[in-house]
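Structure first, then comments.
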């Protein structure tokens, strides 16, 4: 790091101290960039609590390291000081006390932003030498008692908004929390603010079992479309996707001379893998979960994408069908692709009728079983992720269709790894 040099017998200058401050700021900024990476925002403390009787949020004391500049304006003065220096630098901003903000209203999702900037503070009446009489001091520059700031500090204020506010000169805006307020709500009772990606684990947490515990938790189950943010500590993600099951075939007759016994739907595919991710790239993982297929319908595809590219996917099982008036074939299991651990096709559904012969028409099992069995006057629905529905047999009257069982939806499981 840089250090100021002074010499015995030389006249001390105000810039000697100001340069030392700049060198120290640069050193800590470079160290922060080494720890977190360049242009990274990281927050510590700044806990958030919601009021139970109003729309107020309280942000506790804490600090942020984020992009800034050395000095957006001149520092010092009165014929000396240092000129502004807009060199980009990772800076520290501090909130030393709790701050309370009021949300603008209800029926919306708000982001809590920290507006980070540097301000001159601590106004003080300083003693100055009297140029006409060096043995006499003055109260202020012109002996008029005027005060000057003696500290330049990185500070922050908070605002709740639906769009990012304009960044302060030389500073930045950091998104801390999101909070969804129900329509018509007049208080935040029961409402929880969700922290963003800027809250990194501390070094002691990284050095203890906290990170190990986080990375060895059971995989999280996702049963609907959505997105998942990447934790600040994660560099990989373990993913497993299951396609939805297909529906069983319907029956339309009471004798084997016609469409009497329908086949079962196929099970969804199963892909599993581990992939590299970054908390600083993209907006997280995009998840699509396939819906179960209705009678004789193919189940939906489940997949996970990252940075616009599909990582892995599992197709849904095909529905059981009648390929002829007296012939019904079980649905083929869905294919899987992109997995680095495995790509397994789903289990095929059981065949139904073949001329005067009839078979079970059970659906194909998912990874955890749950296939729908064939059923009198209607196939049974599947009961586990990725399983196929059962075929139907023995309709009540000739020409009246009894539907096959519905396939069960797919799912996605994930777990982040260091």
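Quick notes on this structure:
- Estimated from helices alone, the mean residue ellipticity of the chain at 222 nm is -2500 deg cm²/dmol (sum of -39500 (n - 2.57) over DSSP H runs with n ≥ 4, per residue).
- Separation of alpha-carbon centers, segment 232-283 and segment 123-163, rounded to whole Å: 69 Å
- Cβ-derived FRET efficiency at R0 60 Å, residue 401 paired with residue 166, nearest 0.05: 0.40
- Two-site label geometry, residue 60 and residue 356: point separation in nm, points 7 Å out along Cα→Cβ: 8.0 nm
- Rounded if a/c under 1.5, otherwise prolate or oblate - segment 14-200, Cα gyration tensor axes: prolate
- Placing pseudo-labels 7 Å out from each Cα toward the beta carbon at residue 223 and residue 151 gives an inter-label distance of 5.4 nm.
- Beta bridges by DSSP in segment 217-418, antiparallel share as percent, to the nearest 5: 95 percent
- Panel values: segment 178-278, Kirkwood radius from alpha carbon pairs, Stokes-Einstein at 37 °C and 0.692 mPa s, translational diffusion coefficient 172 µm²/s.
- Highest mobility in the GNM of the chain, judged by mean-square fluctuation with C-alpha springs under 10 Å and restricted to 351, 122, 71, is found for 122.
- Kirkwood estimate for the chain, i.e. one over the average of 1/r between Cα atoms, Å: 26.4 Å
- Among 362, 408, 110: highest mean-square fluctuation, GNM of the chain, C-alpha pairs under 10 Å: 110
- Residue of 80, 224, 405 that the Gaussian network model of the chain assigns the largest fluctuation, springs spanning Cα pairs under 10 Å: 80
- Residue separation of residue 205 and residue 122 scaled by 0.36 nm, minus their Cα-Cα distance, works out to 26.3 nm of gained length.
- Distance from the alpha carbon centroid of segment 16-84 to that of segment 309-358 works out to 59 angstrom.
- Computed over segment 217-418, Kirkwood Rh from alpha-carbon pairs, angstrom: 16.5 Å
- Isotropically averaged projected area of segment 47-119, using the convex hull of Cα atoms (one quarter of hull area), nm²: 6.9 nm²
- Calculated diffusion of segment 356-399, Stokes-Einstein form, Kirkwood radius summed over Cα pairs, 20 °C and 1.002 mPa s, µm²/s: 202 µm²/s
- C-alpha long axis of helix 14-36 to longest principal axis of the chain, angle in °: 10 degrees
Bear in mind these aren't lab numbers, they're just calculated from the coordinates by the rules spelled out. Note that the structure is a prediction, hence the values are computed from the model and not measured. Cβ: placed from backbone, ideal geometry, glycine included. Neighbour counts: every protein chain shown.
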